[in-house]
Amino acid sequence: MQHGKYRFIVGFLALPLGLYALFVVWPFIQSIYYSFTDWTGLSPEFKMVGLDNYRRMLDDDIFWKSLQHSLMFAVALPLVTISLALFFAFMINVGGRRRKGGPVISGVRGSSFYKIVYFFPQVLSIAIVALLFAFAYNPDSGAINSFFRGVGLDGLQPLWLGDPDLALWCVMAVLVWSTVGFFVVLFSAGMASIPADLYEAALLDGAGRAATFFRITLPLLWDTVQSGWVYMGILALGAESFAVVQIMTTGPGGPDYSTTVMVLYVYQKAFRDGQAAYATTIGVALLVVTLAFAAVVMRLGRRERLEY
């Protein structure tokens, strides 16, 4: 059975690894190379400029603003989204009270309905979600301010996306709403694989919901939580944040660069300003931030694997 094993493995891996190198690794290498040039993205001619783009980036106030906003996304969005998803998944699968004639461990009443409701935003494109919330945040005719006026709170009429102090938090709220359902389903699947005997033993010992969650559910679900944290952080640093900011905000990235994130700044420099080389420089910085985020999460979340 060992004869030809390695040729068999190489035969299966060669094509996918080749495609990965061509469409993922090679563009990264090209981006790093172009970051040392003055390429505009529109002309085949360019020359090497050394570290000039990196010096310019370090002196760019807008870049530092975008970095700050991206780091806020990377820290706040996974924390809020994962916490909410864990709470909802626990209540749907384990947090219900025991009903007469029913199983010892069950979710709250209507848990199947709640799963559908939480997952519904995943059915919608992020572009559609951003457009819907852009209308809802409209200070004159939006649903939120209209609701406030309807209940007599005429004095409470925030500008929402027009207020530099609120705009970034409004965008974060949309990202949480659109992604929490995916993690609810993910964690629900993980909780379903935990043996019910463990929960029954905890109930016999008098453990409440909080103790059951922190002593049984979270430790046994830790690997899934860690993977979800990294995945959510990458979404917050990448395409999801770009789409929402690009569609919802004025500028986009406004007002006064209050919602500009790194991935949006890369797009603006490359396709609006014709500065592809500088855009790739910011892209390299985004790559470093993303890798550092993943490394920190994996390092801080490392713990002994529990078997059950």
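Values computed for the structure shown
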| read-out | value |
| --- | --- |
| Selection status of residue 134, assigned to a helix (DSSP H, G or I), touching a Leu at 6+ places or on another chain (Cβ under 8 Å), within 30 Å of residue 246 (Cα to Cα) and aliphatic (A, V, I, L, M) | yes |
| Matching residues in region 148-169 - criterion: being touching a residue at least 60 places away in the same chain (Cβ under 8 Å) and assigned to a helix (DSSP H, G or I) | 161, 162, 167, 168 |
| Unique match (being more than 14 Å from the chain's Cα centre (by Cα) and assigned to a helix (DSSP H, G or I)) among 270, 236 | 270 |
| Long-range neighbours under 7 Å by Cβ, at least six apart or interchain, first residue within 19 Å of residue 276 (Cα to Cα) within region 13-39, second open to solvent by 90 Å² or more (accessible area, probe 1.4 Å) and not in a helix (DSSP H, G or I) | 36/48; 37/47; 37/48; 38/47 |
| Filter pass, residue 227 being surrounded by 14 or more Cβ atoms within 10 Å (Cβ to Cβ) and without any contact (Cβ under 8 Å) to a residue 12 or more places away in the chain | yes |
| Failed condition for residue 122, given (1) in a helix (DSSP H, G or I); (2) at pLDDT below 90; (3) in contact with a helix residue (DSSP H, G or I) (Cβ under 8 Å, 6 or more places away or on another chain); (4) open to solvent by 80 Å² or more (accessible area, probe 1.4 Å) | (4) |
| In region 239-254, the residues that are touching a helix residue (DSSP H, G or I) at 6+ places or on another chain (Cβ under 7 Å) and in a helix (DSSP H, G or I) | 240, 241, 242, 243, 244, 245, 246, 247, 248 |
| Selected residue [open to solvent by less than 60 Å² (accessible area, probe 1.4 Å), within 30 Å of residue 195 (Cα to Cα) and assigned to a helix (DSSP H, G or I)] from 91, 72 | 91 |
| Candidate set from region 22-65 (those that are outside any helix (DSSP H, G or I) and open to solvent by 100 Å² or more (accessible area, probe 1.4 Å)); member that is nearest to residue 287 (Cα to Cα) | 59 |
| Qualifying residue in region 243-263 (condition: more than 26 Å from residue 135 (Cβ to Cβ) and of a type outside the set (S, T, N, Q)) | yes |
| Criterion: assigned to a helix (DSSP H, G or I) and modelled with pLDDT under 90 - qualifying residue of 299, 305 | 299 |
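The values are calculated or read from the model by the stated rules, or taken from the named source; none is laboratory data. Please read these numbers as outputs of a predicted model, since none were measured by experiment. Here Cβ is always computed from backbone atoms with ideal geometry, including for glycine, and neighbour counts include all displayed protein chains. Areas reflect the complete protein model, heavy atoms only, side chains present, ligands, DNA and RNA absent. Shrake-Rupley method; radii C 1.70, N 1.55, O 1.52, S 1.80 Å.
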